[in-house]
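See below for the structure under consideration.
Every read-out reported here was derived from the displayed coordinates using simple, explicitly stated rules and does not represent laboratory data. In this text, all values refer to a predicted model and were calculated from it rather than measured experimentally. Glycine gets a Cβ as well: all are built from the backbone with ideal geometry, and neighbour counts include every protein chain shown.
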Amino acid sequence: AHTVLWTSPEEAVAVIHAGQAALGALNPAGTQVAVAGLQPGAVLLYDVARNQVVQTLADGPPVAARWLAYDPTGRYLALITSGGTELRLWDVKTGARQLPDLPLDGFLSLAFHPGGQYLALGKLSGYVKILHIQTGVSVFSARVHNRRVWELAFSRDGQWLLSGGEGGAYLWRLDRSL
């Protein structure tokens, strides 16, 4: 079995690897695909038009990912490890890690603020946390759900955050400073 990327069901653009589970994310421009889980300790960035790996984000021990996403501008790539214990955030242009290692505990989901300055994280325990991307400082933290937060999404204007998880879905207006 192969992991295949495609632009349409009729046109395969890349066969990535045989028989190995992976997690992928497409950048907002549709020009690059990030894939975690194929090479130990790395996230591979594939150029869709050239059908090849153009960058490797190497970062230590094997990376098994639970969540992988680009920010709305395509500048940053975020990964939550499979155990939910690490958040890795890279500047895709430089390949450098953006945030220092932050102690995490059971994170399941993430969403980027449309302004590109903040990252929302959802936890197994029902907490939602919003971090400033440049500093890693928490600007919001609250227990919103009874347990797991499965999904997070910001509104296009960044003034609302929706969280879906055990105990329901919640929508709240954020501080205008975000």
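For the stretch 71-155, count all C-alpha to C-alpha pairs, find those more than 22 Å apart, and express that count as a whole percent of the total.
Values: 633 of 3570 pairs.
So the portion of pairs separated by more than 22 Å is 18 percent.
Going by the alpha-carbon gyration tensor, a ≥ b ≥ c the square roots of its eigenvalues, is the stretch 24-116 rounded (a/c under 1.5) or, if a/c is not under 1.5, prolate (a/b greater than b/c) versus oblate? Display every interim value, and only then the final one.
Working: a/c = 1.74, a/b = 1.28, b/c = 1.36.
Taking the square roots of the gyration eigenvalues as a ≥ b ≥ c, the stretch 24-116 is oblate.
Given H placed 1.01 Å from N in the peptide plane, which residues other than close sequence neighbours of residue 109 have an amide H under 5 Å from its amide H?
Excluding prolines and chain starts, which carry no amide H, the hits are 122.
Taking the Cα centre of the stretch 58-178 as the origin and placing charges on Cβ (Lys, Arg +1; Asp, Glu -1), which of 174, 84, 69 is farthest toward the positive end of the dipole?
174
Just flag the trypsin sites (Lys or Arg not before Pro) in the stretch 75-178 sitting in loop per DSSP whose Cβ has no more than 11 other Cβ atoms within 10 Å.
Working: sites: 75, 88, 93, 97, 123, 129, 143, 147, 148, 156, 173, 176; in loops: 75, 93, 147, 148, 156, 176.
Here the trypsin sites (Lys or Arg not before Pro) that fit, given the DSSP loop and packing criteria, are 93, 156, 176.
What list of ³J(HN,Hα) couplings, whole Hz, do you get for the stretch 77-94 from phi and the Karplus terms 6.51, -1.76, 1.60, once you set θ to phi - 60° and write x for glycine and proline?
The phi angles translate into 10, 10, 9, 9, 5, 4, x, x, 9, 9, 10, 10, 10, 10, 7, 5, 5, 9 Hz.
How charged is the neighbourhood of residue 154? Take every other residue with its Cβ under 12 Å from the Cβ of residue 154, and add Lys/Arg as +1 and Asp/Glu as -1.
On the way: positive: 156, 173; negative: 71, 151, 157.
Around residue 154, the charge tally is -1.
Starting from the Cα gyration tensor of the stretch 36-83, take the square roots of the eigenvalues, sort them a ≥ b ≥ c, and report rounded, prolate or oblate (rounded when a/c is under 1.5, otherwise prolate if a/b is larger than b/c, else oblate). Each step should come with its number before you reach the end.
Numbers: a/c = 2.17, a/b = 1.27, b/c = 1.71.
Cα axes put the stretch 36-83 in the oblate bin.
Which net charge results for the neighbourhood of residue 106, defined as the other residues with beta-carbon distances under 14 angstrom from its beta-carbon, given Lys and Arg at +1 and Asp and Glu at -1?
+3
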